[in-house]
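The next block holds one structure in the form of structure tokens; read it before the comments.
What follows is calculated from the coordinates using simple rules that are stated; it is not laboratory data. Remember, it's a predicted structure, so these values are computed and weren't measured experimentally. Cβ coordinates were reconstructed from backbone atoms using ideal geometry, including for glycine residues, and neighbour counts include every protein chain displayed.
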Amino acid sequence: MGNVILGLLLIAPQSFYDLIKGFEAGVALFYSASSGSIRRALDGLLARGLIEVASVEAGGRGRKVYRVTDAGRAEFRAWMTGEPAGPDLETAALSRLYFLGLLDPAERAPVLRGVTARIEADLARLAALDRHLDTLNVPERHRDIAAHQRAALDYGIASHRFMLDWFRERADRYGPLDR
């Protein structure tokens, strides 16, 4: 979540409440977060020196506006250009896509290639599991359960194929990918 907050703050310095609205207005399409988790991530970014308080508004609440430091810019760039990690591939891919416009145009194709490589690897694992399941003899009493579990795997494979095609097409706009 910290990297998503860095991305939002790179677009424009914002207050805590602005960040909540930013999540609700767009980021929630691929990343859900409560106000408490946003606050904790914001505090962590402050403690690590990746963001700073740009200003404090005068008045009763003293609303703080945050901005990204040079260290935060480097952290964000390293995350964007690094290998998409974590168990939730869709969130990793869409997070990078959402903020891709913050990178120089020359850096965008390699990011999309990294996302595509991760999709290919995950799809290969799902396909291997599919092939392995074909070799199993499922007892009659578990066949109905196994059929629905297999349907979930089929969905995952179809979803990954769609995502792979979609990201390849997007990446081709920056130049053909090695396949």
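Please state the shape class of the range 96-172: rounded when a/c is under 1.5, otherwise prolate if a/b exceeds b/c and oblate if not, all from the C-alpha gyration tensor.
Details: a/c = 4.55, a/b = 3.30, b/c = 1.38.
It comes out prolate by the Cα gyration axes.
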Inset, instruction - Please give the length that would be gained between LEU153 and ASP18 if that part of the chain were fully extended, namely 0.36 nm times their separation in residues minus their C-alpha to C-alpha distance (nm, one decimal). - result: 44.7 nm
Inset, instruction - Express in whole angstrom the spacing between the alpha-carbon centres of the range 46-73 and the range 1-40. - result: 14 Å
Inset, instruction - Please work out, to two decimal places, the log10 of the ratio I(q)/I(0) at q = 0.30 Å⁻¹ from a Debye calculation in which every Cα of the range 30-94 carries one identical scatterer. - result: -1.19
Inset, instruction - Filter the chymotrypsin sites (Phe, Trp or Tyr not before Pro) in the range 112-179 down to the DSSP loop ones having no more than 13 other Cβ atoms within 10 Å, then list what survives. - result: none
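Would you mind ranking GLU140, GLU169 by Cβ crowding within 10 Å, fewest neighbours first?
Working: GLU140 6, GLU169 10.
Placing the least packed residue first, the sequence is GLU140, GLU169.
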Inset, instruction - Can you tell me the order of 2-11, 61-70, 90-99 when each peptide is scored by its average per-residue count of other Cβ atoms within 10 angstrom, highest first? - result: 2-11, 90-99, 61-70
